[in-house]
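Each remark here refers to the structure printed beneath this line.
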Amino acid sequence: MADFVSRRDVLKRVGLAGAAAAVPIDALAQVTQPARGRLETLTPQEADVLDAVVARLIPTDASGPGATEAKAARYIDRALGNALASFRETYREGLAALDAYARSSKGSAFTQLSLQNQDAVLTDLERNVATGFANGSAGFFNLVLAHTLQGTFGDPYYGGNDRFVGWDLIGYPGVRLIATANDQRMDSAPAPTHMSAYDYSMFGKKKP
């Protein structure tokens, strides 16, 4: 997929372009997924499509875990009932349009396509050539990409970045209230705290 950049570039540029996976082109999309847990906003059918989409935007590969392990889709599901509630209808329409376009252009539901064909569908969305989107497919693609990045690399408090896999992936050690003398020497990477900002009492509040 020429229009997508590598996941390594995504981790460097965080949000400036789409991500492609380095996978065999004949690999199938039906791979083992972590348990999803209870949905809060999306329907099961919508969640299935979203799970497959985020898995292609920041894929799992030899470099480490991706959006699936970070549970970026869980973050989006929760946020659509809270901070991202204004996008709930956009997701309802967009996920339905994406799946309909996959069926019309590739002959099967998005979740049933090979990874190569899933990437081809997402490329069409990014290029704004996928049909069936009221305001163009690129806008929906960029929205989901932005939220996938938030769910992969944001504070785990909000439901994504599960077990801090996103922060570990980019080498972010986590929130610190003080910098020790050893930290200030900057001659070695600080050990990860594996703490959310809201694990500190001064920021603590009830989880959404």
Checklist entry - Looking at region 133-167, which of its residues are in a loop (DSSP other than H, G, I, E, B) and either touching a residue at least 12 places away in the same chain (Cβ under 8 Å) or closer than 17 Å to Leu84 by Cα (or both)? => result Phe133, Ala134, Gly154, Asp155, Gly159, Gly160, Asn161
Next on the checklist: What's the number of the only condition in (1) over 21 Å from Thr60 (Cα atoms); (2) among the small types (Gly, Ala, Ser); (3) surrounded by 12 or more Cβ atoms within 10 Å (Cβ to Cβ) that Gly166 fails to meet?
Outcome noted: (1)
Checklist entry - Can you name the number of the only condition in (1) in contact with a Phe, Trp or Tyr (Cβ under 8 Å, 6 or more places away or on another chain); (2) farther than 29 Å from Ser63 by Cβ that Gly136 fails? => result (1)
Next on the checklist: For Pro59, only one of the following conditions fails: (1) within 14 Å of the chain's Cα centre (by Cα); (2) part of a helix (DSSP H, G or I); (3) not aromatic (Phe, Trp, Tyr). What is its number?
Outcome noted: (2)
Next on the checklist: If Thr41 meets every condition in (1) at pLDDT 55 or above; (2) exposed (fewer than 14 other Cβ atoms within 10 Å of the Cβ); (3) assigned to a loop (DSSP other than H, G, I, E, B); (4) of a type outside the set (Phe, Trp, Tyr) apart from one, which number is that one?
Outcome noted: (2)
Checklist entry - Just a yes or no: is a residue in region 107-124 closer than 25 Å to Gly37 by Cβ and hydroxyl-bearing (Ser, Thr, Tyr)? => result yes
Checklist entry - Restricting attention to region 171-179, does a residue exist that is touching a Ser or Thr at 6+ places or on another chain (Cβ under 7 Å) and either in a helix (DSSP H, G or I) or among the acidic types (Asp, Glu) (or both)? => result no
Checklist entry - Can you tell which of Val144, Val129 is more than 19 Å from Pro192 (Cα to Cα) and either polar (S, T, N, Q) or crowded, with 16+ Cβ neighbours inside 10 Å (or both)? => result Val144
Checklist entry - Of all the helices (runs of 4 or more DSSP H) wholly in region 65-109, which have at least 3 residues that are over 15 Å from Gln150 (Cβ atoms), touching a Gly at 6+ places or on another chain (Cβ under 7 Å) and modelled with pLDDT of 95 or more? => result 88-106
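A quick yes/no check of all residues on (1) at pLDDT 90 or above; (2) under 23 Å from Ala102 (Cα atoms):
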| residue | (1), (2) |
| --- | --- |
| Gly132 | yes, yes |
| Gly136 | yes, yes |
| Tyr158 | yes, no |
| Ser188 | no, no |
| His194 | yes, no |
| Gly204 | no, no |
| Lys207 | no, no |
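The values are calculated or read from the model by the stated rules, or taken from the named source; none is laboratory data. Small disclaimer: the values here were computed from a predicted structure and weren't measured. Quick reminder, even Gly has a Cβ in these numbers, built from the backbone with ideal geometry, and neighbours come from all protein chains shown.
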